[in-house]
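Laboratory data are not the source of any read-out in this text; all were calculated from the coordinates shown. Quick caveat: nothing in here was measured; it's all calculated off a predicted structure. Cβ coordinates were reconstructed from backbone atoms using ideal geometry, including for glycine residues, and neighbour counts include every protein chain displayed.
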Amino acid sequence: MHMDFEEELRKSLAGSPVFRKDGEVTLDRDFIPEKVLHRDEIIKRMLLDFKIVMKENKGVNIGVRGGGGFGKTLVSRFSQQKLKNVADEFGINIDIQYYNCFNHRTLGAILRDYLLDKHMYMSGKGFSISELMTYLIQNLEKKNIKLVIILDEIQNLDTSEIMQLLTINEDFRTNNNTKEFVSFILIARDYDWNNILVKEPRIAQRLTSTYKLEQYTASELFDIYLYRMELAFKEGVFSDDNIELIVDMSETSGNVYYGIELMRHAGKRAEFLHENEVLPEMIRGAAKNVSTEFREPLLDKLRPHELFSLLAVARLLERLSDKNINKITIYNAYNEYKVVCEEYGKNPHVITVFRKHVKKLHQNHLLKQRIVNIKTRGRRGEINIIGFSAELVKKKVIECLDGLSMNEES
């Protein structure tokens with residue numbers, strides 16, 4: 001059937017069946033929401049650190065570290081947005097600048113970019129770092145600007161250049177002026193932060209405060225995804241169960257941006273299919289656009305009945321996705337497992353052994369199992385697949401089984 005691409009474009013321009021007006025942009029990494037959940041204490045402490053910038057004309061140097069997707073960049077930019085708002089109320093001239101050092105890999109690149117952007121009439125070409133810094137401080141003093149520079153992924157800068165930045169207020173004072181005009185927020189992941197301090201321990205001594213962001217808990221991730229879902233999507237597009245599925249898929253890493261990207265890609269898939277509801281398989285399928293490839297080498301290490309168990313879970317979840325069901329009980333999975341064994345001409349293991357197969361698959365992050373408390377029925381085991389679509393898992397397991405010698409006893 002021939003697709004009318006012009007008509008598809010007209011439908012798209014008329015409005016999305018899933019996204020609110022301007023809702024999709026709220027899922028961008030650069031978007032700063034009105035609320036930053038579960039980081040109140042750190043934001044408050046960071047703002048208090050900057051009180052001396054406002055009242056005493058001093059500079060501060062702040063370090064922010066933590067795992068990927070723990071909110072380091074958002075907390076830093078959000079806090080400075082609030083600082084700027086209050087400074088404007090008090091008539092204090094504060095300029096907030098953000099640079100990712102993956103794109104600006106040298107101190108010279110950062111200084112030249114700022115001087116050009118702020119129309120300080122200097123391209124920076126042909127000047128030494130010392131001359132650029134002198135010119136910067138002179139212009140900040142002349143215009144009475146307090147400059148705060150947020151530097152993300154600072155592992156891309158040479159440690160000697162980081163030290164030059166942190167000592168700029170001391171090294172480039174003019175006419176014995178005691179005012180300090182530049183402050184910094186330095187951001188890096190824990191691993192990179194530790195390496196930086198090994199190379200140059202004096203950096204730690206130059207920091208006013210260092211904040212370590214801990215991994216989000218499952219309940220915190222749920223709150224964040226629910227809030228971001230309400231900003232981005234129309235009512236009824238995402239069910240609470242599907243938000244829980246995204247929590248399950250991102251809980252191990254704690255990377256909140258991974259979950260937000262899953263939301264975006266699942267929403268785009270629903271939009272492409274002209275659906276007004278996101279289904280579980282759309283979310284699992286979105287993972288192939290966000291995460292790494294399926295863990296095929298792990299399948300080669302599984303025994304036949306472990307593969308049968310994984311195939312049973314994948315098949316059942318794929319079928320139930322159309323009904324917007326994203327998890328199954330151990331008993332449902334076991335019944336499907338017995339059907340799979342029959343199809344492959346093998347006798348099924350008893351349910352206690354099947355539980356061991358599921359536990360191993362869980363330990364290898366091929367599926368997720370958890371025990372939930374049901375008020376009227378006690379405890380119940382639930383299983384789902386996270387990180388990949390059930391369809392993809394089914395396909396890969398079947399390929400593995402087809403290449404496996406079934407004469408080998410498991």
As a test, work out the antiparallel percent of DSSP beta bridges whose residues both lie in the chain, rounded to the nearest 5. 30
Taking the Cβ-Cβ separation of Ile398 and Lys301 as r and a Förster radius of 22 Å, what is the calculated FRET efficiency to the nearest 0.05? 0.80
Counting sequence-distant residues (5 or more places) and residues on other chains, those with an amide H built under 5 Å from that of Tyr216 are none
Under 5 Å, built H, 5+ apart or other chain: amide partners of Thr210: Gly63
Of Phe127, Phe233, Val350, which is farthest towards the positive pole of the chain's charge dipole, taken about the Cα centre with +1 and -1 on the beta-carbons of Lys, Arg and Asp, Glu respectively? Val350
In Å, the Kirkwood hydrodynamic radius from C-alpha pairs for the chain sits at 24.8
Please give the contour-minus-distance gain from Val339 to His362: 0.36 nm per residue of separation, less the Cα-Cα distance, rounded to one decimal in nm. 6.1 nm
Along segment 339-351, what does the Karplus equation 6.51 cos²θ - 1.76 cosθ + 1.60 (θ = phi - 60°) give for ³J(HN,Hα), rounded to whole Hz, x for Gly and Pro? 5, 4, 4, 4, 5, 9, x, 10, 7, x, 6, 5, 5
Taking Cα pairs under 8 Å and at least six residues apart, what relative contact order does segment 217-289 come out at, in percent? 33
The chain: calculated mean residue ellipticity at 222 nm from DSSP helix runs of at least 4, using -39500 (n - 2.57): -15000 deg cm²/dmol
Highest mean first, how do 39-50, 277-288 rank when packing is the count of other Cβ atoms within 10 Å averaged over residues? 277-288, 39-50
Round to the nearest 10 and give me the degree value, 0 to 90, for the angle of helix 72-89's Cα axis relative to the longest principal axis of the chain. 40
Value of Rg/Rh across segment 143-298 [Cα atoms, Kirkwood radius]: 1.15
Residue span Asp223 to Phe272: 0.36 nm per residue of separation minus Cα-Cα distance leaves a gain in nm of 14.9 nm
With +1 at each Lys and Arg Cβ and -1 at each Asp and Glu Cβ, the charge dipole magnitude of segment 217-289 around its Cα centre, to the nearest 20 debye, comes out at 420
If you stretched the chain out fully between Leu116 and Lys288, how much longer would it get, using 0.36 nm times the residue separation minus the C-alpha to C-alpha distance? 57.9 nm
So, with +1 on the Cβ of K and R and -1 on the Cβ of D and E, and no other charges, what is the size of the charge dipole of segment 211-336 about its Cα centre, to the nearest 20 debye? 340
Quick one: if the Förster radius is 22 Å, what FRET efficiency do Thr208 and Gln81 give, using the C-beta to C-beta distance and rounding to 0.05? 0.65
Roughly how tilted is helix 240-250, in degrees to the nearest 10 and between 0 and 90, from the longest Cα axis of the chain? 70
Estimated inter-spin distance, Val25 and Arg319, nm [label 7 Å along Cα→Cβ]: 4.6
Interchain or sequence-distant (5+) residues whose placed amide H lies within less than 5 Å of the amide H of Phe19 are Lys234
With label points set 7 Å from each Cα along the Cα-to-Cβ direction at Lys199 and Asn156, the distance between them in nm comes to 1.4
Answer with one residue from Tyr331, Leu307, Ile386: the one whose Cα lies farthest towards the positive end of the charge dipole of segment 296-402, charges on Cβ with Lys, Arg +1 and Asp, Glu -1. Tyr331
Along its principal axes, what span do the Cα atoms of segment 296-402 show, with the longest given first and each in whole Å? 43, 28, 24
If you average the sequence gap of Cα pairs under 8 Å that are 6 or more apart and divide by the length of the chain, what percent do you get for the contact order? 18
Degrees between helix 190-199 axis and first principal axis of the chain (Cα, 0 to 90, nearest 10): 40
Among Asn242, Gln215, Leu116, which residue has its Cα furthest toward the positive end of the charge dipole of the chain, with +1 on Lys/Arg Cβ and -1 on Asp/Glu Cβ? Gln215
Total charge dipole magnitude, segment 296-402, about the Cα centre, Cβ charges on Lys, Arg, Asp, Glu only, Debye to nearest 20: 720
Take the Cα pairs of segment 39-213, get the Kirkwood Rh, then feed it into Stokes-Einstein at 25 °C and 0.890 mPa s and tell me D in µm²/s. 150
